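Reviewing the structure listed below.
The values are calculated or read from the model by the stated rules, or taken from the named source; none is laboratory data. All figures in this text were calculated on a predicted structure; none of them were measured in a lab. We place every Cβ from the backbone using ideal geometry, glycine too, and count neighbours over all the protein chains shown.
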Amino acid sequence: MSKGDFLRAAVLAVACATLGQYAGAHGDVTPQAVDTRELPSLGDEWRAENPYRKNDIAIRIGGSAYNQNCARCHGLEAVSGGIAPDLRKLDADCASLRDERRKNACVKEIDEYYLTSVRRGKVRNGAVYMPPFEGMLNQEAIWSIKSYLETRREKPL
């Protein structure tokens, strides 16, 4: 193999590896803007818990934002087609708890997990499974999506 052939092969390998990590479900997705003007502003400090829980305006905005930005992988109306986790089950363990203190601690933990996942995304072994949305969606949009997802929760049997 000549030096030129070797260089071409090396460049092709790097290009394939780079494209491979973006060729997944999110590689070519441009987040859609979410109009959150109807919601109270949350400021620059990220909230640890969902401040819009059971807020009808947030749920409406979150439903639209979800279907524009999340449904491609997580399924329309949060009904997963199997590509990505079924978000109706996100806080299912919390919903069935009877002890209020344990239930509140569980909900807080899920809120933190959700926020971290959405803000930072999910990357494993260099492959992007979910892009980071921080800087693309504001805090109000992210929490409104969570409010919507809480209305889509699967009911325990």
Q) Is it true that some residue in segment 118-128 is more than 16 Å from residue 58 (Cβ to Cβ), touching a residue at least 24 places away in the same chain (Cβ under 8 Å) and charged (D, E, K, R)? A) yes
Q: Give the residue that is surrounded by the fewest Cβ atoms within 10 Å (Cβ to Cβ), with candidates limited to residues of segment 29-49 that are within 16 Å of the chain's Cα centre (by Cα) and without any contact (Cβ under 8 Å) to a residue 60 or more places away in the chain.
A: 30
**Q.** Selected residue [in contact with a strand residue (DSSP E or B) (Cβ under 8 Å, 6 or more places away or on another chain) and surrounded by fewer than 16 Cβ atoms within 10 Å (Cβ to Cβ)] from 120, 102
**A.** 120
Q | Qualifying positions in segment 77-90 - at pLDDT below 90, part of a helix (DSSP H, G or I) and not charged (D, E, K, R) | A | 78
Q.
Return the pair list, or none, for Cβ contacts closer than 7 Å from residues in segment 50-64 that are in a helix (DSSP H, G or I) to residues that are of a type in the set (A, V, I, L, M) and surrounded by 19 or more Cβ atoms within 10 Å (Cβ to Cβ), at least 6 apart or on different chains.
A. 57/39; 58/39; 61/34; 61/39; 62/145
(Q) Suppose we filter 110, 61 for residues that are touching a Phe, Trp or Tyr at 6+ places or on another chain (Cβ under 9 Å) and closer than 14 Å to residue 150 by Cβ; which single one remains? (A) 61
Q) When residues of segment 123-157 are filtered for being assigned to a strand (DSSP E or B) and either in contact with a strand residue (DSSP E or B) (Cβ under 8 Å, 6 or more places away or on another chain) or of a type in the set (Val, Ile, Thr) (or both), how many remain? A) 4
Q: Please verify whether segment 65-72 includes one or more residues that are surrounded by fewer than 19 Cβ atoms within 10 Å (Cβ to Cβ), touching a residue at least 60 places away in the same chain (Cβ under 8 Å) and under 15 Å from residue 152 (Cα atoms).
A: no
Q: Just need a number here: residues in segment 91-132 that are modelled with pLDDT of 95 or more, among the hydrophobic types (A, V, I, L, M, F, W, C) and under 10 Å from the mean Cα position of the chain (by Cα).
A: 2
